[in-house]
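Below is one structure, written out as structure tokens, with a few remarks after it.
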Amino acid sequence: MRNRSGGIGWTMGCIALLAVLAAGALAGPAEAGQPLVVSTWGGNWKDILQKAVGERFTKETGVPVEYEVGGTIKRLADARVNKDNPLVDITLTTTHVARLYISGGLFERLDMAKLPNSKDLFREAIRSPNHIGLWAYVYTIAYRPDKVPIQITKWADLWNPALKNKIAMPDFDPSHIIVVSAKLSGGDEFTWQKGSDLLLKLKPNIAAFFGTDAQSQDLLKTGEAPVQVILSANAIHVMRQGIKVNLVNPTDVGGITGIDSVGIMKGTKKLDLAYKFVDIALSKEAQEQIVRTLGVGPTNHLAGVPPELKGVAGVFTSPEEWTKYAYIMDDEQRAKALDAWKEWFNANMVKQ
């Protein structure tokens with residue numbers, strides 16, 4: 001009896017020791033004991049990243065995760081300042097802003113062999129050799145049917161005089177409505193000026209501009225702006241509070257698709273750990289948890305989607321849905337043109 005008990009204790013001790021040694025081997029001597037630092041957005045975005053990815057990562061490696069949170073452009077500026085000695089190991093950002101990281105030499109070139117879950121991704125998730133998509137959403141139209149006298153099915157409906165003083169849209173990134181206006185005028189993101197005259201005609205219908213997700217949600221909930229050019233996840237958040245909101249899959253241009261992506265910082269001293277974190281984020285299990293919580297679309301085609309999210313704008317579950325409902329701007333052009341778009345939009349649309 002004593003021998004059996006001692007044997008079990010010795011075996012369990014060996015297993016525990018092997019687990020510690022394995023975690024140390026993954027971390028490497030320069031990495032052991034140091035947290036992995038992830039740059040991301042705050043609020044729900046950071047919370048679900050920790051719950052779906054960080055907790056599993058720490059359980060499997062023994063390495064804690066710290067988060068540096070902030071706005072997209074502020075974090076890019078910080079990364080540029082600290083290029084020679086990066087303060088973070090991994091960065092989550094929008095797919096077009098990721099191009100600015102890449103052009104600045106801030107992201108590692110990814111070795112897909114170290115990301116086995118990448119084999120299960122939709123092709124749209126492979127954004128470049130340096131960054132990869134984690135989840136998708138769209139900027140599209142949401143509206144309160146109890147406060148809007150027409151049914152909205154396409155982008156062109158925003159110009160209906162019945163929507164006078166009813167529309168809100170973001171002022172921090174006008175790329176969505178600028179490109180929609182261009183597409184409706186025979187142009188695109190490369191010939192965006194073609195839509196300028198049409199966009200100016202939308203001014204009488206605009207009630208407000210917003211600068212944050214919270215402002216967007218409040219304008220929709222109060223009915224102050226019952227029609228919005230909105231991040232689909234924000235509309236879903238309002239809908240989950242019991243407010244009737246129609247979220248549109250536009251039949252003319254499609255939803256202007258965003259793909260939040262991840263890159264590994266060039267110069268990180270925790271390269272193997274960074275790959276481990278990213279691969280967990282791409283896994284079916286993590287993706288399902290993120291989709292369920294945020295109301296975004298998975299980039300792993302194996303990830304299941306809750307019934308209430310199937311067919312919802314921005315939640316693409318097949319290659320056919322990506323083709324039919326998504327309009328993905330050219331990342332390079334969007335990154336290069338964004339400053340000019342914002343300057344034009346502020347001068348001609350926001351300022352009265």
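The values are calculated or read from the model by the stated rules, or taken from the named source; none is laboratory data. None of these values were measured; they are calculated from a predicted model. All Cβ positions, even for glycine, are placed from backbone atoms using ideal geometry, and neighbour counts span all protein chains on display.
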Residue within the stretch 186-205 that is surrounded by fewer than 22 Cβ atoms within 10 Å (Cβ to Cβ), farther than 14 Å from I167 by Cβ and touching a strand residue (DSSP E or B) at 6+ places or on another chain (Cβ under 8 Å) present: no
Restricting attention to the stretch 238-248, does a residue exist that is in contact with a Leu (Cβ under 9 Å, 6 or more places away or on another chain) and either buried (at least 20 other Cβ atoms within 10 Å of the Cβ) or part of a strand (DSSP E or B) (or both)? yes
Yes or no: the stretch 8-28 includes at least one residue that is under 13 Å from T268 (Cβ atoms) and either at pLDDT below 95 or not assigned by TED's automatic domain parsing to the domain that holds K269 (or both). yes
Can we say A303 is without any contact (Cβ under 8 Å) to a residue 60 or more places away in the chain and in a loop (DSSP other than H, G, I, E, B)? yes
Subset of the stretch 156-180, residues part of a loop (DSSP other than H, G, I, E, B) and either within 21 Å of E332 (Cβ to Cβ) or at pLDDT 95 or above (or both), comes to N160, K164, N165, K166, F172, D173, P174
Can you spot a residue in the stretch 256-279 that is part of a helix (DSSP H, G or I), in the same structural domain as G43 (by TED's automatic domain parsing), surrounded by fewer than 21 Cβ atoms within 10 Å (Cβ to Cβ) and among the aliphatic types (A, V, I, L, M)? yes
Looking only at the stretch 209-234, and only at residues there that are under 24 Å from the mean Cα position of the chain (by Cα) and of a type in the set (A, V, I, L, M), the one that is surrounded by the most Cβ atoms within 10 Å (Cβ to Cβ): I230
Residue among D120, D146, D197 that is among the acidic types (D, E), at pLDDT 95 or above and not assigned by TED's automatic domain parsing to the domain that holds L338: D120
Within the stretch 323-352, residues polar (S, T, N, Q) and either modelled with pLDDT of 90 or more or in a helix (DSSP H, G or I) (or both) come out as T323, Q333, N346, N348
Here are some conditions: (1) in a loop (DSSP other than H, G, I, E, B); (2) more than 30 Å from K74 (Cβ to Cβ). N130 meets all but one. Which one does it not meet? (2)
Look at the stretch 56-82 and say how many of its residues are β-branched (V, I, T), in a helix (DSSP H, G or I) and modelled with pLDDT of 95 or more. 3
Checked T251, T153 against criteria (of a type in the set (S, T, N, Q), within 21 Å of A136 (Cβ to Cβ) and assigned to a loop (DSSP other than H, G, I, E, B)); the one match is T251
